[in-house]
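*Asks:* Input: one structure, supplied below.
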Amino acid sequence: MDIANTTYDNLPEDWRGENKAAAAVIVGIFDEYNGVVELDNPIIRSRVGNKVHDAWLDRNGAWAPESQKMPFDDLSIEEQEKDLDQVRVAKEVFGE
């Protein structure tokens, strides 16, 4: 299943739950940063990336590949971007 191009209603129930949990993390980040998340700032990028990734590991660490069971800053750039893409989408939705 292509989850990036599947509507929420057509996702399996467990994936809907994962989306809700991920969204709650992102909303918390936006609350913490008063709605302004500057991913161009390396310190904020790292802090936000670690929050997103750590929350994902808490939910999915049991099955996550070893290459993803590490701090955000130690991930490949490709994996870091996957975590940060959630924030970028939220920035578009929130109009930042």
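*Asks:* Could you list all residues from region 57-78 that are within 24 Å of GLY17 (Cα to Cα), at pLDDT 95 or above and open to solvent by less than 80 Å² (accessible area, probe 1.4 Å)?
*Replies:* Of everything in region 57-78, those that are within 24 Å of GLY17 (Cα to Cα), at pLDDT 95 or above and open to solvent by less than 80 Å² (accessible area, probe 1.4 Å) turn out to be LEU57, MET70, PRO71, PHE72.
*Asks:* On to the next question. Could you tell me whether any residue of region 39-53 is more than 14 Å from the chain's Cα centre (by Cα), of a type in the set (Asp, Glu), closer than 23 Å to SER76 by Cβ and modelled with pLDDT of 95 or more?
*Replies:* So far as region 39-53 goes, yes, one or more of its residues are more than 14 Å from the chain's Cα centre (by Cα), of a type in the set (Asp, Glu), closer than 23 Å to SER76 by Cβ and modelled with pLDDT of 95 or more.
*Asks:* Then there is this: Here is a list of conditions, (1) of a type in the set (A, V, I, L, M, F, W, C); (2) free of Cβ contacts under 8 Å to residues at least 40 places away in the same chain; (3) more than 21 Å from LEU75 (Cβ to Cβ), and VAL36 meets all of them except one; can you say which number that is?
*Replies:* (2)
The values are calculated or read from the model by the stated rules, or taken from the named source; none is laboratory data. Because the structure is a prediction, the values reported are computed rather than measured. As a convention, Cβ positions derive from the backbone with ideal geometry for all residues, glycine included, and neighbour counts pool all protein chains shown. The protein model used for the area step is the full one, side chains on, heavy atoms only, and it has no ligands, DNA or RNA in it. Shrake-Rupley method; radii C 1.70, N 1.55, O 1.52, S 1.80 Å.
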